[in-house]
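First up is the structure itself, then whatever we jot down about it.
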Amino acid sequence: MSDIAVEIELTPDWIELPLSPAVDLGSWAVTTAGQIAERYAAEGEEAMPEALVRDLRGRAEDSRERAPQFALALFLAGFSASVAWLETEVWKPSEAMPELSLEHLTQALSYRHFGEPDLRDVQTAAGPGVRIRQNVRGERLLRLGPRRVLHTLTYAVRPEITDQAVVMRVSWRSAALDEPVETMADHAAETLTVTAATERENTE
């Protein structure tokens with residue numbers, strides 16, 4: 001359990017996935033799919049509720065396996081499933097990485113499946129960070145088939161109030177969504193804030 005809380009600003013197109021085992025995913029997925037369908041209808045698009053339910057449940061189950069601090073999925077009108085996914089997690093100093101410097105974080109989070117990643121320094125509301133844009137090998141479509149390419153944008157941030165680090169990952173599959181998803185992710189990173197969990201609890 002982390003002793004810091006992370007918050008970001010996102011558009012209503014992003015749906016937060018319930019990570020607590022106390023939440024019944026079946027009921028949640030049905031209710032949330034109905035809300036997404038209503039939003040699609042307001043935008044002049046028809047939804048496929050059953051497909052939305054399957055995707056919502058599957059995405060929440062997948063995120064629960066990794067247990068991030070929070071996770072969201074992006075649902076855009078005209079699509080029957082989520083098109084991008086965002087997770088944040090908090091890294092604490094460990095024996096393997098006693099100092100969570102941006103240099104060490106960059107090394108740990110960079111992959112070279114398709115060449116060198118695009119690295120850029122960034123400044124967030126919580127503190128300095130690094131932006132890592134790279135494509136990685138995703139899951140296989142079939143047991144012996146080729147792996148799908150996963151487009152990813154990762155931000156590693158060193159908040160000024162703690163010795164811990166925040167990692168925010170955004171991933172998607174369609175190259176056609178590179179520009180809009182990167183724009184959304186960059187905005188989210190700029191708004192990223194960190195507070196002490198005890199401080200947040202005292203204000204609620």
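Please determine, in degrees from 0 to 90 and to the nearest 10, the orientation of helix 178-190 with respect to the longest principal axis defined by the Cα atoms of the chain, where the helix direction is its Cα long axis.
50
So what are the ³J(HN,Hα) numbers for region 88-103, from phi and the Karplus equation (6.51, -1.76, 1.60; θ = phi - 60°), rounded to whole Hz, Gly and Pro as x?
10, 9, 10, 9, 10, x, 9, 4, 6, 9, x, 10, 8, 6, 4, 5
Points 7 angstrom from Cα along the Cβ direction at Arg112 and Val149: gap in nanometres?
1.9
Using Cα-Cα distances under 8 Å and only pairs 6 or more residues apart, what relative contact order does the chain have, in percent? Can you show the working numbers first?
Working: 367 pairs, mean separation 47.1, N = 204.
Here the relative contact order equals 23 percent.
Can you give me the angle between helix 49-66 and the longest principal axis of the chain, using Cα atoms only, in degrees from 0 to 90, rounded to the nearest 10?
The helix 49-66 is inclined about 20 degrees to the chain.
Report the local net charge at Arg169: Lys and Arg +1, Asp and Glu -1, summed over other residues whose C-beta lies under 9 Å from its C-beta. Don't skip to the end; give the middle numbers.
Values: positive: none; negative: Glu87, Glu89.
Taking every other residue near Arg169 into account, the sum is -2.
Would you indicate which of (i) 13.1; (ii) 12.3; (iii) 14.1 is the value of mean projected area of the Cα convex hull in nm² derived from the coordinates of this structure?
(i)
How tilted is helix 25-42 with respect to the longest principal axis of the chain? Cα atoms for both, answer in degrees (0 to 90, nearest 10).
Approximately 70 degrees, to the nearest ten.
Starting from the amide H of Phe70, placed 1.01 Å from N in the peptide plane, find each other amide H under 5 Å away whose residue is 5 or more places distant or on another chain.
Thr88
At 1.4 Å probe size, put Glu95, Glu61 in order of accessible surface, largest to smallest.
Putting Glu95, Glu61 in descending order of accessible area: Glu95, Glu61.
Could you check which residue among Leu17, Leu72, Leu100 shows the biggest mean-square fluctuation in a GNM of the chain with a 10 Å Cα cutoff?
In this elastic network of the chain, the residue with the biggest mean-square fluctuation among Leu17, Leu72, Leu100 is Leu100.
Taking 0.36 nm per residue of sequence separation and subtracting the Cα-Cα distance, how much length would be gained by fully extending the chain between Arg54 and Glu160, in nm to one decimal? Write out the running numbers ahead of the final one.
Details: separation 106, 0.36 × 106 = 38.16 nm, distance 4.00 nm.
Difference between extended and current length: 34.2 nm.
The values are calculated or read from the model by the stated rules, or taken from the named source; none is laboratory data. Quick caveat, the model's predicted, so the values are computed rather than measured. With ideal geometry, Cβ positions are generated from the backbone for all residues, glycine too; neighbour counts draw on all protein chains shown. When the accessible area is computed, the model is the full protein with side chains, heavy atoms only, and any ligands, DNA or RNA have been set aside. Shrake-Rupley method; radii C 1.70, N 1.55, O 1.52, S 1.80 Å.
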